[in-house]
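Sharing a structure below in structure tokens format, with a few things to ask.
Values in this text are rule-based calculations from the coordinates and carry no lab data. Note that the coordinates shown come from a computational prediction; the quantities given were computed from them, not determined experimentally. Note: ideal-geometry Cβ built from the backbone for every residue, glycine included; neighbour counts use all protein chains shown.
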Amino acid sequence: MKVLLVNGSPREKGCTYTALTEVAGALEKQAIETEIFHVGKKPISGCHGCYACQQTGICFMKDTVNEFLEKAIEADGFIFGSPVHFASASGTLTAFMDRVFFVGLRRGIFHYKPAAAVVSARRGGTTATFDQINKYFTISNMPVVSSQYWNMVHGNTPDEVRQDLEGIQTMRTLGNNMAWLLKSIEAGKAAGITLPEKESRAITNFIR
Ligand SMILES: Cc1cc2nc3c(=O)[nH]c(=O)nc-3n(C[C@H](O)[C@H](O)[C@H](O)COP(=O)(O)O)c2cc1C
């Protein structure tokens with residue numbers, strides 16, 4: 001089993017990364033494979049709303065979004081991490097997740113795979129950012145994994161984050177909880193529990 005952890009900060013080895021490595025360490029201890037995927041520093045465009053992906057199943061823009069989607073097909077669980085930028089997720093992660101989940105919804109890449117958000121801030125805007133990221137999961141039939149506190153760490157440097165003992169413990173608990181849920185899902189499958197039956201989707205736009 002494998003969990004993909006997305007570092008949505010332009011800082012490759014910064015605070016978000018530090019939090020994610022703690023989650024990954026707990027998962028690895030439980031024999032779950034992990035990979036940290038960095039969204040990078042290059043500009044990532046937001047969704048153009050062209051709907052081409054609804055026909056082709058991939059985004060027409062050739063960048064890390066399609067690269068990530070290929071990996072996501074194979075993954076069993078996800079952690080999306082972001083620094084707090086003006087009380088929101090980073091612009092890069094927001095653009096990335098808009099496009100990833102627009103394709104993912106169409107193809108069912110994420111459905112029934114557990115996910116969690118992780119945020120890092122100096123001081124404020126954590127819960128708003130946490131809520132923002134969780135909304136991608138709860139529109140995609142994904143079980144959301146929780147921890148002993150909302151998944152946040154505080155600091156401006158990796159060293160400050162490591163001093164946030166409660167935040168770091170929250171990350172380890174999150175990793176353990178994710179491992180437990182993944183193993184429970186696997187055990188359920190082995191016991192013959194199938195995915196829920198899906199109705200054909202009703203889409204109404206409030207004008208009819
Ligand atoms: C553009 C920008 C906006 C930020 N906005 C906030 C904010 O609203 N609240 C906050 O507490 N910290 C804010 N910060 C600080 C970062 O959230 C904090 O240093 C974070 O831990 C950095 O994580 P990283 O090293 O993974 O990028 C901001 C930093 C930047 C660069």
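For His38, what residues show an amide H to amide H distance below 5 Å, using hydrogens built from the backbone and excluding near sequence neighbours?
The answer is Asn7.
Turning to a different aspect of this structure: Compute the FRET efficiency between Thr194 and Tyr51 as 1/(1 + (r/R0)^6), taking r as their Cβ-Cβ distance and R0 = 25 Å, and round to the nearest 0.05.
Calculated value: 0.20.
Rounded to whole Hz and in sequence order, give me ³J(HN,Hα) for the range 162-171 from the Karplus expression 6.51 cos²θ - 1.76 cosθ + 1.60, θ = phi - 60°, writing x for Gly and Pro.
Taking θ as phi minus 60°, the curve returns 5, 7, 7, 4, 5, x, 5, 5, 4, 5 Hz for the range 162-171.
Okay, next question. Could you run the Karplus curve 6.51 cos²θ - 1.76 cosθ + 1.60 with θ = phi - 60° over the range 147-155 and give me ³J(HN,Hα) per residue in whole Hz, x for Gly and Pro?
Taking θ as phi minus 60°, the curve returns 9, 7, 8, 5, 6, 9, 10, 10, x Hz for the range 147-155.
Rounded to the nearest 500, what is the 222 nm mean residue ellipticity of the chain from helices alone, with -39500 (n - 2.57) per DSSP H run of 4+ residues and division by all residues?
-14000 deg cm²/dmol
While we're on this one: How do 145-157, 71-83 rank on mean C-beta neighbours within 10 Å, highest first?
71-83, 145-157
Same structure, new question: As a quick test, which of the pairs Lys13/Lys113; Lys41/Lys62; Lys42/Lys113 have an alpha carbon distance above 21 angstrom in this structure?
Where the Cα-Cα span goes over 21 Å, the pairs concerned are Lys13/Lys113; Lys42/Lys113.
Follow-up question, since we're still on this one. What is the calculated FRET efficiency for Arg123 to Arg11, with r their C-beta to C-beta distance and R₀ = 22 Å, to the nearest 0.05?
According to the calculation, E is roughly 0.80.
Using the C-alpha atoms of the range 71-150, what convex hull volume per residue, in cubic angstrom, is computed?
With only Cα atoms used, the range 71-150 gives 83 Å³ per residue.
How large is the Kirkwood hydrodynamic radius of the chain, in angstrom, based on all distinct alpha carbon pairs?
After inverting the pairwise mean of 1/r, the radius is 17.5 Å.
For an R0 of 30 angstrom, estimate the FRET efficiency from the Cβ-Cβ distance between Ile58 and Lys135 and round to the nearest 0.05.
Once the sixth-power term is evaluated, E becomes 0.80.
Short version: ³J(HN,Hα) in whole Hz for each residue of the range 8-21, in order, from phi by Karplus 6.51 cos²θ - 1.76 cosθ + 1.60 (θ = phi - 60°), x for Gly and Pro, what are they?
Per residue, the Karplus-derived 3J(HN,Hα) values read x, 9, x, 8, 4, 10, x, 6, 4, 4, 4, 5, 5, 5 Hz.
Give me the tail of P(r) for the range 2-48 as a percent: Cα-Cα pairs with distance above 14 Å.
Of the Cα pairs, 52 percent sit more than 14 Å apart.
May I ask you to order 45-57, 178-190 by the average number of other C-beta atoms within 10 Å around their residues, highest value first?
Descending mean neighbour count gives 178-190, 45-57.
Would you mind computing, in nm to one decimal, how far apart the modelled labels at Asn205 and Tyr112 are, each placed 7 Å from Cα along Cα→Cβ?
3.2
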